[in-house]
Amino acid sequence: MVSHSELRKLFYSADAVCFDVDSTVIREEGIDELAKICGVEDAVSEMTRRAMGGAVPFKAALTERLALIQPSREQVQRLIAEHPPHLTPGIRELVSHLQERNVQVFLISGGFRSIVEHVASKLNIPGTNVFANRLKFYFNGEYAGFDETQPTAESGGKGKVIKLLKEKFHFKKIIMIGDGATDMEACPPADAFIGFGGNVIRQQVKDNAKWYITDFVELVGELEE
């Protein structure tokens with residue numbers, strides 16, 4: 001059992017920090033925003049809620065929601081242009097503090113790469129540090145499915161990415177930060193998990209995370225001590 005003070009030490013000395021994106025780094029759930037633009041908001045947000053609670057296997061939930069949304073390339077571009085995601089307060093400061101300490105920052109998302117890359121660019125996170133699902137389009141721009149080979153398309157996908165990062169870069173201490181059940185499940189292989197409830201509180205995560213925060217200012221403070 002890792003104590004809270006040991007968790008704080010782990011965070012302070014981490015060589016890599018991985019963030020979930022939807023409802024963690026940004027205030028929205030990207031897939032729900034896409035559903036809004038495509039006019040199927042209510043049905044999709046109910047599915048998202050069930051998926052985040054861990055009730056439905058992730059790939060099945062993603063397939064089901066995308067089949068309903070059928071987003072075209074043009075609609076995805078419109079979402080980014082007209083309704084760009086809002087960064088969660090404090091995330092910009094936290095990421096730049098980590099980067100100043102030469103900590104590698106990764107975004108690991110069950111959301112869509114085109115949206116997540118847009119978020120990464122706002123935080124000066126290179127595209128190579130982004131792991132997310134890829135939407136596929138036909139040459140005329142219509143929806144053609146998603147890349148099912150990406151680890152993030154699977155249940156347990158975030159853990160697979162972290163395992164991959166450890167093997168590739170030999171990180172000693174990786175921290176995972178996120179709001180959902182899929183983020184908590186990534187520890188292990190992550191060395192520590194910090195639950196985030198600043199945008200939405202998921203009871204299962206709040207009850208089970210050893211360290212649960214509702215404001216990134218708390219983590220900025222940890223790095224300034």
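The values are calculated or read from the model by the stated rules, or taken from the named source; none is laboratory data. None of these values were measured; they are calculated from a predicted model. Every residue, glycine among them, receives a Cβ derived from its backbone with ideal geometry; neighbour counts consider all protein chains shown. What goes into the accessible areas is simple: the full protein's heavy atoms, side chains included, and nothing from ligands, DNA or RNA. Shrake-Rupley method; radii C 1.70, N 1.55, O 1.52, S 1.80 Å.
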Original post:
Taking the range 147-203, which residues are over 20 Å from Gly111 (Cβ atoms), assigned to a helix (DSSP H, G or I) and out of contact with any Pro (no Cβ under 7 Å at 6 or more places or on another chain)?
Top reply: Glu167, Lys168, Phe169, Gln203
**OP:** Look at Val40 and say whether it is at pLDDT 85 or above and open to solvent by 30 Å² or more (accessible area, probe 1.4 Å).
**Re:** yes
**OP:** Can you confirm whether the range 162-171 contains a residue that is hydrophobic (A, V, I, L, M, F, W, C), modelled with pLDDT under 85 and out of contact with any Cys (no Cβ under 6 Å at 6 or more places or on another chain)?
**Re:** no
Original post:
So Glu46 fits all but one of (1) in a helix (DSSP H, G or I); (2) at pLDDT 80 or above; (3) of a type outside the set (Val, Ile, Thr); (4) open to solvent by 50 Å² or more (accessible area, probe 1.4 Å); what number is the exception?
Top reply: (2)
Subject >> Long-range neighbours under 9 Å by Cβ, at least six apart or interchain, first residue closer than 10 Å to Gly90 by Cβ within the range 197-224, second surrounded by fewer than 17 Cβ atoms within 10 Å (Cβ to Cβ) and of a type in the set (Asp, Glu) >> reply: Gly198/Asp215; Phe216/Glu93; Val217/Glu93; Val220/Glu93
Original post:
Quick one: Asp179 ticks every box in (1) among the acidic types (Asp, Glu); (2) farther than 20 Å from Asp215 by Cα; (3) within 13 Å of the chain's Cα centre (by Cα); (4) open to solvent by less than 70 Å² (accessible area, probe 1.4 Å) bar one, so which box is it?
Top reply: (2)
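Yes or no, residue by residue, for (1) touching a Lys or Arg at 6+ places or on another chain (Cβ under 9 Å); (2) over 18 Å from Asp22 (Cβ atoms); (3) not small (Gly, Ala, Ser):
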residue	(1), (2), (3)
Ile125	no, no, yes
Asn133	yes, no, yes
Ser155	yes, no, no
Asp183	yes, no, yes
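Condition check ((1) in a strand (DSSP E or B); (2) open to solvent by 10 Å² or more (accessible area, probe 1.4 Å)) across all residues:
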residue	(1), (2)
Pro89	no, yes
Val95	no, no
Leu98	no, no
Ser109	yes, no
Asn124	no, yes
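Does Phe106 meet the test of being within 26 Å of Gly39 (Cβ to Cβ) and assigned by the TED database to the domain that holds Glu218?
no
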